Amino acid sequence: MLLLLKKIKIKAKKIINRKTIIRKISFSFAFIFTLLASNQSIAYAASPKTQANENQTSKTQASKPLTIAVEMLAQANSEETQSRQLIVKANKVRKQIKNLRAQMLKDKSNKDKLNKEESSKEKSKKDKSEHISQLNKLLEKEQKKGAELRLHSKLLKQQATVQFEQGFIDLWQGKIVSRSPLTMNADVKNYFSHNAKIRSVHKNKLNMNNMEVQSENNIPEDTTNQSVMSLEIPALTGQNAPPDLNIDAFKFSRKEKYFAHIEVQNNDTEINNAESDISKHSANVSAVPLNKIHQWRLFVTDLAGTPIEGINFEVEGHMPGHVHGLPTKPRVTKEIEPGVYLVDGMKFQMKGWWVIKFILRSDENEAENKSQSDFFIFNLVL
Amino acid sequence: MRIFQLSALLSCLILLSACLKESNNNNVQEVEKSLSAQQLSLYQFTEVDIAFLEKFSINALGTPPESVSNHFADNELAAKLGKKLFFDKSLSRNNQFSCASCHQPQRYFTDGLKLSKASGTTHRSSPTILGAAYSPWQFWDGRKDSLWSQALGPIEDANEINTTRVEYVRRLLKKYPQDYQNIFGELSMSFLGELPEVASPLGDNIAQAQWQAMDKSLKHQVNKVFTNAGKVMMAYQRQLTLPMSRFDQFVELLAKDKNINSDENASSNSDLNYIAKLSDILTPVEVMGMRLFVGKANCASCHNGPLFTNYEFHNIGAPEVGMPSVELGRYQGVKELLTDEFSCLSLWSDAKENDCAEMRFLKSSGPELVGALKTPTLRNIGSTAPYMQFGQFDNLQQVLGHYNKPSPPVYNREQHPNRPHFDIMPLKLDAQELLALESFLRTLTSPLPKDDPWWGI
């Protein structure tokens, strides 16, 4: 009797252990994949069909990277669907296990009470625990596969973006001036921010040291640094962008029907006018000025690389963690050439994480309601 | 118990600052004796602290931003005529009012009243005009986009100078024909003979009828002179500067001596000497208040830069005063800007349309505009009571009381397009901290520049 109970306990423990192991495994998978991703060469090993085409990169086939990108995107989406299905399946299995366990517990307490039909009960218990361990194996397998697929699909999508970016560059033949994410020049300092939903004083003081020497993607850390500052300047919670935030200047639209690129429009006249102050553009073509109205260019094609003309855009912007949007109402003021839109009236009154949304209001969307329109989202960490 | 200790500390601080003021600077031992280690640390600033504080110094202000809509903004002759117009009561219909009636130089260009009084009583309180040249928007709700356009409002307003533009133009050209033509070129005055007694598109029924009856070119000539009057008054206001306040002197000394101070070899004697000098300018309580202002009290998130304002619009929930209509703030301000007769986009502006970016991309809707008002400057704040747009608060204690335990904005479903945003959080400061904060605010007052001709004291 006692022995049996012990056994069950041990099994239960094992189950728990196994769970953590699974977690560990999927973790290390994630790790390996991220390592691979940084190398930018993996990705679509899973789709050999397109791999064969990869080494044919020539100017005459400007659309090649686009074709590859579209295939990768399709593959990524199918993997994502599969992964979602696997996760649904896994959840079902988990429920089954839970039910079985509950039954075992119930059996046990019943048995304690009535103390009869011992042998048959024990037999069913044995069956159940065997069943559980089988299910656990299945769960493990499905979870692992689902996680792998999800990760792979995500990486594939990133690769697709990279491919598309290349196709885009070929397509616009020198018209794209900057491929980098939009930033603000490091010498532009802005200590002040306001209108925060949440304010905190001590927990994450603004680190002035980091404001002086900003890291590559300008994400200030949240550590305190009392030796550098004795003034206890409050920092805003929610002001820091997550470290894995996608700040690319190239993006698929939400519905993955279009592809777009943003960059800062540097007006020559403004550059020549050297007397203008801090907000003047520097050699850094991806830099937006602080507190100054300026312009962007927005390049848009469909997935075949055809520039899309005559889109009616609505421009929105906000800072996560703040209750305010952009201080101005920017809009597209002209289509410079087919598929290239001039966005005027952009202005940022603060450094930090901004989300800029271009909502497509083309004629076909007119009938749809606002929430159904396709859109592009660009994250900026200024 | 704790409060008792704190107040003991505080009175000690106050006494201390008094003795420091009297004490001889060189009397290092006395300083050492009277300043506890904790008090000494109040005066210890790192280089980054100092760089931060320098952003608030009047020395960092520079000249006002370039004006695209007024070519005479930095013309000295224009500024001189502008000064005359600003103070001249004889340009008003009843010879009683000028801009200076409500913007008095001795009161830092305010009037000390909750609501201003001239021909009638104004709807809001009169803010200072010091620093206004640095703001992209004028009035509490930002309903004007330049100082020249702003100046034209009070002239015709029935509660203010109450003088139609035709009357004003006639009086101006009769009194200052030479000054005017020196700036704007030769002008034939014959059109004055064709003008009706009173006329304005904004006046009472008679004035409006008369205005409608005038022919287009006559209207044009009147508006030309009228808007030029605004432009010279703008040029005048751009000349107003502020002498250094005690706060500015403190930061200047910090900045000057930061190298000496950070020198590790400096003897503790010279350190103490230095602190003695600093404490001659700001008392320990005031320094404590300064640290609170930029720190825990979070005032500097809106009141920042050399003028202690970001010139943006916020809703801090200052109480309504029970008027029939609620304060719609910037929400109403942008509406008026869009139809403003004298904006940057108007015929009377010197700017090309493309230069008026702020107007072209004006944010004309958004929930955060409702009830939001322009952050006012805190320069000379100790001398410009009462406070807020209706003078709701009589003194700084009341202001700080509000910030410490703010009432959220009133939500009136009939009048507000949406629930007003609320941009501040309770501070939970104790009585001593509030007192320190108030003491600091009083260090922002510049001495009245008696010899500065632009101030005209």
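The values are calculated or read from the model by the stated rules, or taken from the named source; none is laboratory data. What you see is a predicted model; the values in this text were computed from it and never measured. Neighbour counts are summed over all protein chains in view; Cβ atoms, including those assigned to glycine, are modelled from backbone coordinates with ideal geometry. Surface accessibility is based on the protein's heavy atoms, side chains included, excluding ligands, DNA and RNA. Shrake-Rupley method; radii C 1.70, N 1.55, O 1.52, S 1.80 Å.
Some points to look at:
- Point-to-point label distance, B:GLN96-B:LYS219, nm (Cα→Cβ direction, 7 Å offset): 3.2 nm
- Label zone at A:LYS123, where the point sits 7 Å out along the Cα-to-Cβ direction: region A:82-106 residues whose backbone N lies under 19 Å: A:104
- Label point distance in nm, B:ASN412-A:ASN246, each placed 7 Å from Cα along Cα→Cβ: 4.7 nm
- Working note: Cα atoms of region B:76-237, range along each principal axis, descending, whole Å: 42, 37, 28.
- Accessible surface comparison of B:TYR134, B:TYR180, probe 1.4 Å, protein chains only, largest first: the order is B:TYR134, B:TYR180.
- Residues B:ASP49, B:ASP350, sorted by accessible area with the largest first, give B:ASP350, B:ASP49 [1.4 Å probe; ligands and nucleic acids excluded].
- Per residue, the convex hull around the alpha carbon atoms of chain B comes to 161 Å³.
- Shape call, region B:389-457: gyration tensor on alpha carbons, a/c limit 1.5: oblate
- Spin-label pair A:GLN85-B:PHE87: with each label point 7 Å from Cα along the Cα-Cβ axis, the two points sit 8.7 nm from one another.
- Within the accessible area of chain B (1.4 Å probe), percent carbon and sulfur: 52 percent
- Measuring heavy-atom accessible area with a 1.4 angstrom probe and counting protein chains only, the residues of region B:407-452 that give up at least 50 Å² relative to the chain alone are B:ASP423, B:MET425.
- Solvent-accessible area lost on pairing B with A (1.4 Å probe, both sides summed) amounts to about 2800 Å².
- Taking region B:52-198 and dividing mean pair separation by its residue count, relative contact order in percent (alpha carbons under 8 Å, at least six apart): 19 percent
- The trypsin sites (Lys or Arg not before Pro) of region B:265-359 that meet both conditions, a loop assignment by DSSP and at most 12 other Cβ atoms within 10 Å of the site Cβ, are B:LYS352.
- GluC sites (Glu not before Pro) lying in DSSP loop within region B:398-442, provided at most 12 other Cβ fall within 10 Å: B:GLU414
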